[in-house]
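Okay, structure first, notes after.
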Amino acid sequence: MPAEQPKEASTQIDNEKPHEVLKKSELEELRRQKSREWKKEYNKNYYQIHKEELKEFARNHYQKNKEKFKEYKRKYRQDNKVRERERERLRERYHSDPEFRAKNLESSHKRNLKLQEDYKRFKIEYGGKCTVCGEYDLDVLEPHHPDGKNEGGRFIKSKEFRDWLNYGIKPNVVLMCANHHGKLHILKARGELVDPYNP
Ligand SMILES: [Zn+2]
Ligand SMILES: [Zn+2]
């Protein structure tokens, strides 16, 4: 019996880890956002107080570095033109070159198939069945998010799904069949049900 205990403890820690990582990254994003807002407010006030000084400084700074600024602008416009020409070239080739178009379509088709496979893997990792009725057809299962964001078709394109793919960070979702998922949201919207999956 005592030999079993450390094994159990380590499994528990492994299960907790992804959630900790997720919460931490969410907190960090929130902190960054708050700090951006605060800086914006601070800069606005600072600008109002030192308006004339700042304008004078900007004028001098521009006069001193005039050539550098012009060069920078010219280069930026030039690079942009190059990028735009490249895009235009690809667009034209896509329309006029059937082989190029076929290759393009094929690779995007392959990417899509791979994504669908990954999505299935995701559903299997999340239990592979509806939490209400036990439906196990992966094609009709979808993740339900307690706060309702990035659900249905949007989930596969979400940052959460990419984070799961790339870093194994587990999003806070439960699987439901399309029927029960739809029903849950209807009841929630009517105020007839408090989300049972809301932590
Ligand atoms: Zn169901
Ligand atoms: Zn939902």
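Considered as a group, the residues in segment 157-183 that are touching a strand residue (DSSP E or B) at 6+ places or on another chain (Cβ under 7 Å) and not in a loop (DSSP other than H, G, I, E, B) include one that is nearest to ligand 2 (Cβ to nearest atom), and that residue is His181.
Which members of segment 126-146 meet the condition of being under 21 Å from Asn198 (Cα atoms) and free of Cβ contacts under 8 Å to residues at least 40 places away in the same chain? Gly134, Leu141, Glu142, Pro143, His145 - these are the residues of segment 126-146 that are under 21 Å from Asn198 (Cα atoms) and free of Cβ contacts under 8 Å to residues at least 40 places away in the same chain. In this structure, Asp118 does satisfy being assigned to a helix (DSSP H, G or I), of a type in the set (Asp, Glu), surrounded by 10 or more Cβ atoms within 10 Å (Cβ to Cβ) and more than 13 Å from ligand 1 (Cβ to nearest atom).
Put simply, of Phe155, Phe122 the only residue that is at pLDDT 95 or above and on the phi < 0 side of the Ramachandran plot is Phe122.
One residue stands out among those in segment 153-173 that are surrounded by fewer than 17 Cβ atoms within 10 Å (Cβ to Cβ) and without any contact (Cβ under 8 Å) to a residue 24 or more places away in the chain: the one that is farthest from Tyr197 (Cα to Cα), which is Asn166. Residues that are touching a residue at least 40 places away in the same chain (Cβ under 8 Å) and more than 16 Å from ligand 2 (Cβ to nearest atom) do occur in segment 96-115, at least one of them.
Taking segment 137-151 as the range and being surrounded by 13 or more Cβ atoms within 10 Å (Cβ to Cβ) and either of a type in the set (A, V, I, L, M, F, W, C) or under 14 Å from Lys123 (Cα atoms) (or both) as the test, the residues that pass are Leu138, Val140, Leu141, Glu142, Pro143, His144, His145, Glu151. Candidates in segment 132-159 are the residues that are over 21 Å from Leu113 (Cβ atoms) and of a type in the set (D, E, K, R); of these, the one that is nearest to ligand 1 (Cβ to nearest atom) is Glu135. From the list Phe100, Phe57, pick out the single residue that is touching a helix residue (DSSP H, G or I) at 6+ places or on another chain (Cβ under 9 Å), of a type outside the set (Val, Ile, Thr) and either under 30 Å from Gly168 (Cα atoms) or part of a helix (DSSP H, G or I) (or both). Result of the check over Phe100, Phe57: Phe100.
Within segment 127-156, the set of residues being more than 16 Å from ligand 2 (Cβ to nearest atom) and part of a helix (DSSP H, G or I) comprises Leu138, Asp139.
The values are calculated or read from the model by the stated rules, or taken from the named source; none is laboratory data. Since we're looking at a predicted model, the values are computed, not measured. Here Cβ is always computed from backbone atoms with ideal geometry, including for glycine, and neighbour counts include all displayed protein chains.
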